[in-house]
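Structure first, then comments.
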Amino acid sequence: MLLRLKQTLQSLKITETLSKAQAIKNLSTQIKKQDVPTEKLDCVVIGAGVVGLAIARELASKGREVLVLDSASTFGTGTSSRNSEVIHAGIYYPPGSLKALFCVRGREFLYKYCYEHGVPCKQTGKLIVATGPLEISKLNELMNRGTQNGVDSLKMLEGFEAMKMEPELQCKKALLSPVSGIVDSHSLMLSLVGEAENNGTTFSYNSTVIGGHLEGNCLHLHIVESKDLENWNGDYPLQPELVLVPKLVVNSAGLSSLALAKRFHGLDNRIIPPQFFARGCYFTLSTTKVPPFEHLIYPIPEDGGLGVHVTLDLDGHLKFGPDVEWIDSIDDVSSFLNKYDYSVSASRAERFYPEIRKYYPNLKDGSLQPGYSGIRPKISGPRQSPIDFVIQGEDIHGVPGLVNLFGIESPGLTSSMAIAEHIASRFLK
């Protein structure tokens with residue numbers, strides 16, 4: 001297994017006129033001539049977010065030797081800890097899509113797992129609301145889609161019925177989803193880590209995968225210590241301190257999964273989808289001791305997200321969000337180290353008030369306080385139709401033992417265990 005990441009080797013001299021692709025190719029060639037430590041392994045999962053952890057747990061439960069690599073100092077520091085913590089029912093996604101299939105199955109897995117392992121969760125139920133007559137047809141479409149996806153107990157409510165359930169709510173109609181809920185995502189990830197470790201999984205934090213190359217029909221992963229990457233100034237090409245040669249590699253790197261895949265020399269970049277990033281901010285409600293809502297309240301979905309909605313945490317605190325702000329990508333190394341801008345400007349609240357007041361008219365001025373933000377790893381951009389989860393194996397890209405996960409945004413948390421089941425059943429040999 002992985003012993004310790006070695007000290008940085010003397011940097012390779014490559015002329016500035018070489019393209020990035022050629023430089024990576026030359027680096028791959030030179031590795032074979034350098035004294036870079038190399039270790040063979042069974043399974044490597046790149047990324048210790050909730051999906052990566054679920055996959056590691058599943059693989060380890062099948063008796064496989066698993067190593068999880070993450071550039072951060074602990075698990076779940078990216079999108080997995082910066083979301084609404086909602087257990088989705090499976091309403092929004094096209095019938096037959098991976099999002100629909102994994103969300104419905106994953107929800108069942110997740111509730112069962114939480115109850116059996118003492119992970120805090122609550123089946124709060126959710127109301128998706130139409131606040132104007134033009135939105136009612138969209139609400140009907142969502143009900144039909146959810147029914148096709150196998151979501152149980154959906155019920156269309158008249159406005160007065162929904163407002164009787166939630167007196168602070170204002171709407172024309174509402175779709176009730178009783179099986180939606182919330183989960184303590186940190187407790188969930190902690191439990192998954194514990195189970196994976198009990199089955200022999202090793203976690204190597206502060207370890208960054210910066211790329212790889214194909215050699216002898218096997219993917220060789222290039223690893224550096226994150227602290228060395230932090231100090232890299234770009235004056236010389238990145239080179240590995242350690243090379244790992246696994247039988248199975250699962251690229252579950254979340255926000256950096258696409259950037260990483262492009263640095264796997266020998267992988268056809270044409271099969272890698274474009275990347276987009278949508279930041280979403282959350283604001284908390286500060287002026288009330290008693291939350292105005294008991295259910296999750298969602299508007300009709302918007303471009304790039306599900307709208308600024310009401311989410312409760314397990315302590316009863318209420319938050320609104322996320323909104324959608326399309327942001328530029330950052331360089332690969334910054335992406336690997338999760339150096340995205342997660343700041344929340346207090347002035348952004350001015351955009352929240354009118355959206356929230358469409359369904360919560362009694363929201364008081366000055367009651368919203370900046371909370372936190374998260375970034376969605378998207379593979380469709382502004383005004384484009386949402387794209388399904390992308391799970392690529394050898395049948396797609398031709399690289400034995402490599403599984404790429406792209407665009408694992410919402411409902412990734414809900415789907416995590418179903419994705420893990422799929423990976424294990426389809427790609428383990």
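Below are the figures for this structure:
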| item | result |
| --- | --- |
| Members of the range 192-249 that are touching a Ser or Thr at 6+ places or on another chain (Cβ under 7 Å) and at positive phi | Asn206 |
| Listing of strands (runs of 3 or more DSSP E) fully contained in the range 93-190 that carry 1 or more residues being of a type in the set (Ser, Thr, Tyr) and touching a residue at least 60 places away in the same chain (Cβ under 8 Å) | 173-177 |
| Residue among Glu394, Glu355 that alone is touching a residue at least 24 places away in the same chain (Cβ under 8 Å) and open to solvent by 70 Å² or more (accessible area, probe 1.4 Å) | Glu355 |
| Residue in the range 41-76 that is surrounded by the fewest Cβ atoms within 10 Å (Cβ to Cβ), counting only those that are β-branched (Val, Ile, Thr) and under 11 Å from the mean Cα position of the chain (by Cα) | Val51 |
| Of all residues in the range 112-169 being among the small types (Gly, Ala, Ser) and buried (at least 18 other Cβ atoms within 10 Å of the Cβ), the one that is nearest to the chain's Cα centre (by Cα) | Gly146 |
| Top-ranked residue in the range 97-111 [being crowded, with 20+ Cβ neighbours inside 10 Å and small (Gly, Ala, Ser); ranked as farthest from the chain's Cα centre (by Cα)] | Ala100 |
| Breaking point among (1) surrounded by 20 or more Cβ atoms within 10 Å (Cβ to Cβ); (2) free of Cβ contacts under 8 Å to residues at least 60 places away in the same chain, for Leu413 | (2) |
| Contacts under 6 angstrom Cβ, first residue in the range 359-382 being in contact (Cβ under 8 Å) with a residue 60 or more places away in the chain, partner in a strand (DSSP E or B) and among the small types (Gly, Ala, Ser), 6 or more apart | Gly374/Gly280; Arg376/Ala278; Lys378/Ala278 |
| Single unsatisfied condition, Lys339 versus (1) open to solvent by 40 Å² or more (accessible area, probe 1.4 Å); (2) farther than 25 Å from Gly76 by Cβ | (2) |
| Of residues in the range 312-329 being among the hydrophobic types (A, V, I, L, M, F, W, C) and free of Cβ contacts under 8 Å to residues at least 60 places away in the same chain, the one farthest from Arg383 (Cα to Cα) | Leu318 |
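A quick yes/no check of all residues on (1) in contact with a Ser or Thr (Cβ under 7 Å, 6 or more places away or on another chain); (2) hydroxyl-bearing (Ser, Thr, Tyr); (3) over 28 Å from Val193 (Cα atoms):
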position: Asn362; (1), (2), (3): no, no, yes
position: Gly366; (1), (2), (3): no, no, yes
position: Ile375; (1), (2), (3): yes, no, no
position: Arg383; (1), (2), (3): no, no, yes
position: Ile387; (1), (2), (3): yes, no, yes
position: Val390; (1), (2), (3): no, no, no
position: Leu402; (1), (2), (3): no, no, no
position: Met417; (1), (2), (3): no, no, no
position: Ile423; (1), (2), (3): no, no, no
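The values are calculated or read from the model by the stated rules, or taken from the named source; none is laboratory data. A quick note: this is a predicted structure, and the numbers were derived from the prediction, not measured. Note that we place each Cβ from the backbone using ideal geometry, even for glycine, and neighbour counts take in every protein chain shown. Ligands, DNA and RNA are stripped out before the accessible areas are found, and what is left, the full protein with its side chains, is counted by its heavy atoms. Shrake-Rupley method; radii C 1.70, N 1.55, O 1.52, S 1.80 Å.
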